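**Student:** Quick one: structure below, then a few questions.
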């Protein structure tokens, strides 16, 4: 009973810390920039987090299984560019998006096969996929940017609900609600935690570990592609550089949100959502303050390092108490 209470207190303290970080930014930023609380800026933040926010959902699932997927940027770039190319050729945008999602399923399945069947370390397997997809995208696009996509498709990324709330923000919130309920309420969602926490115990319990890994990696690739399609719709363009460094931002959001990269089986979708918001607030704040993009990358990397160090310290203390 005491252990249960300690776990609950630990989770609450972690959530309070993240809420505290957000609250600190909300308090400080009005003094740093008068534009922070303007409606236009808030809507800009909500739109900007859609790319990494949607991708971070799948990344969280993969990290919980004890893996990692650094191919999401390449998969997104290739699939989104193919969809845009099909639209430009006159194919209905719904069919074009479906084709892109099916290709993403294939990419995710290859990652899962490499990890679960061939026993290749996730970092190496997904690194290979990243290199392949980036290479293929460069070959088929010739480094060009596609523009002038159908207006009906642009509504997904540029439309507003009640003329105020961006549709991409609605998509992000809905996907996080669905993902959170899925992880908590479904057998597959719970199995993701079990497999990540103790793969051998999961196998003995009759859980199909390979099936769980296939689902996680495929979901990660598909969600990254969905994020890419939303971005292409919002900007009315499919740039050759789409998704650059996206994997790091998705991992950053998951880690800041409490997903453990040290041990599998630990993490919450809601925590990742908070992580996405924190990263979005930091990026927006630094932009308003005129901080160079190079310094921003350093600051974001430093933040991840601090979070990982704090997790390591907490894990070491917990190990000593046992």
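The values are calculated or read from the model by the stated rules, or taken from the named source; none is laboratory data. What you are looking at is a predicted structure, and each value in this text was computed from that prediction instead of being measured. Cβ sites come from the backbone with ideal geometry, for glycine too, and all protein chains shown count toward neighbours.
**Student:** Scan (1) surrounded by fewer than 24 Cβ atoms within 10 Å (Cβ to Cβ); (2) in contact with a strand residue (DSSP E or B) (Cβ under 8 Å, 6 or more places away or on another chain); (3) within 17 Å of residue 219 (Cα to Cα) for the single condition residue 46 breaks and write down its number.
**Tutor:** (3)
**Student:** Which of (1) at pLDDT 80 or above; (2) surrounded by 13 or more Cβ atoms within 10 Å (Cβ to Cβ) is the odd one out, the single condition residue 303 does not satisfy?
**Tutor:** (1)
**Student:** Only one residue in 180, 152 is more than 22 Å from the chain's Cα centre (by Cα), in contact (Cβ under 8 Å) with a residue 12 or more places away in the chain and under 30 Å from residue 45 (Cβ atoms). Which one?
**Tutor:** Matching residue, one of 180, 152: 152.
Let's see how each residue does on (1) surrounded by fewer than 16 Cβ atoms within 10 Å (Cβ to Cβ); (2) in contact with a helix residue (DSSP H, G or I) (Cβ under 8 Å, 6 or more places away or on another chain); (3) in contact (Cβ under 8 Å) with a residue 60 or more places away in the chain:
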{"position": "205", "(1), (2), (3)": "yes, yes, no"}
{"position": "209", "(1), (2), (3)": "no, yes, yes"}
{"position": "222", "(1), (2), (3)": "no, yes, yes"}
{"position": "226", "(1), (2), (3)": "no, yes, yes"}
{"position": "238", "(1), (2), (3)": "no, yes, yes"}
{"position": "293", "(1), (2), (3)": "yes, no, no"}
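**Student:** Looking at (1) in contact with a helix residue (DSSP H, G or I) (Cβ under 6 Å, 6 or more places away or on another chain); (2) without any contact (Cβ under 8 Å) to a residue 12 or more places away in the chain, which is the one condition that is false for residue 124?
**Tutor:** (1)
**Student:** So, of the residues in the stretch 164-177 that are part of a helix (DSSP H, G or I) and either touching a residue at least 40 places away in the same chain (Cβ under 8 Å) or in contact with a strand residue (DSSP E or B) (Cβ under 8 Å, 6 or more places away or on another chain) (or both), which turns out to be surrounded by the fewest Cβ atoms within 10 Å (Cβ to Cβ)?
**Tutor:** Filtering first and then ranking leaves 170.
**Student:** Go through the stretch 81-90 residue by residue and tally those that are without any contact (Cβ under 8 Å) to a residue 60 or more places away in the chain and either surrounded by 15 or more Cβ atoms within 10 Å (Cβ to Cβ) or touching a helix residue (DSSP H, G or I) at 6+ places or on another chain (Cβ under 7 Å) (or both).
**Tutor:** Within the stretch 81-90, residues that are without any contact (Cβ under 8 Å) to a residue 60 or more places away in the chain and either surrounded by 15 or more Cβ atoms within 10 Å (Cβ to Cβ) or touching a helix residue (DSSP H, G or I) at 6+ places or on another chain (Cβ under 7 Å) (or both) number 2.
**Student:** Determine whether the stretch 221-238 contains at least one residue that is part of a loop (DSSP other than H, G, I, E, B) and more than 24 Å from residue 298 (Cα to Cα).
**Tutor:** Yes, the stretch 221-238 has at least one match.
**Student:** Just one of 118, 130 is surrounded by 17 or more Cβ atoms within 10 Å (Cβ to Cβ) and either modelled with pLDDT of 95 or more or under 24 Å from residue 208 (Cα atoms) (or both); which is it?
**Tutor:** Every option except 130 fails the conditions.
**Student:** Before we move on, is residue 196 crowded, with 24+ Cβ neighbours inside 10 Å and modelled with pLDDT under 95?
**Tutor:** yes
**Student:** Please pick out the residue among 52, 6 that is closer than 21 Å to residue 262 by Cβ and either crowded, with 24+ Cβ neighbours inside 10 Å or modelled with pLDDT under 70 (or both).
**Tutor:** When all the criteria are applied, what remains is 6.
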